[in-house]
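Laboratory data are not the source of any read-out in this text; all were calculated from the coordinates shown. Fair warning: this is a prediction, and the values are worked out from it, not measured in the lab. All Cβ positions, glycine included, derive from the backbone under ideal geometry; neighbour counts span all protein chains shown.
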Amino acid sequence: MENLGKAKLRIIKGMGKGKEFLIETTPFLIGRGEEISLNRSSEGMRLDLPDPTRSISRKHAKIIVQSGTYQIVDTSVNGTLLNGKKVSFGDLENNSTIEM
């Protein structure tokens with residue numbers, strides 16, 4: 001796990017709108033769960049998001065650091081959008097938007 005400077009993930013719509021989560025280590029996993037929760041797992045930090053429509057996979061995406069840059073990696077079947085474009089991976093910048 002890589003320790004980094006401060007970065008955060010903010011939920012901007014849907015369940016949990018307005019909640020923020022500090023990304024202190026990577027990988028930072030994002031997937032579907034029963035309720036909003038942030039837990040440490042053997043793979044890294046894991047953010048679970050409730051999704052009654054099941055469009056979010058259990059292991060949907062992960063945030064990693066490559067060459068000092070945060071990146072999003074899609075690990076789902078349903079796809080991940082970065083700033084409105086479907087990506088398999090992409091660099092994250094201030095105010096990037098991730099949709100699942």
Within the stretch 83-96, how many residues are part of a strand (DSSP E or B) and either among the hydroxyl-bearing types (Ser, Thr, Tyr) or within 19 Å of Ile12 (Cβ to Cβ) (or both)? 4
Can you tell me which condition Asp74 does not meet? The list is (1) within 12 Å of the chain's Cα centre (by Cα); (2) farther than 17 Å from Lys6 by Cα; (3) touching a residue at least 40 places away in the same chain (Cβ under 8 Å), and all the others hold. (3)
Counting only strands (runs of 3 or more DSSP E) entirely within the stretch 1-82, those with at least 2 residues that are surrounded by 13 or more Cβ atoms within 10 Å (Cβ to Cβ) are 28-32, 44-49, 61-66, 69-74, 80-82
Taking the stretch 37-74 and keeping only residues that are basic (Lys, Arg) and within 15 Å of Gly90 (Cα to Cα), one is left with Lys62
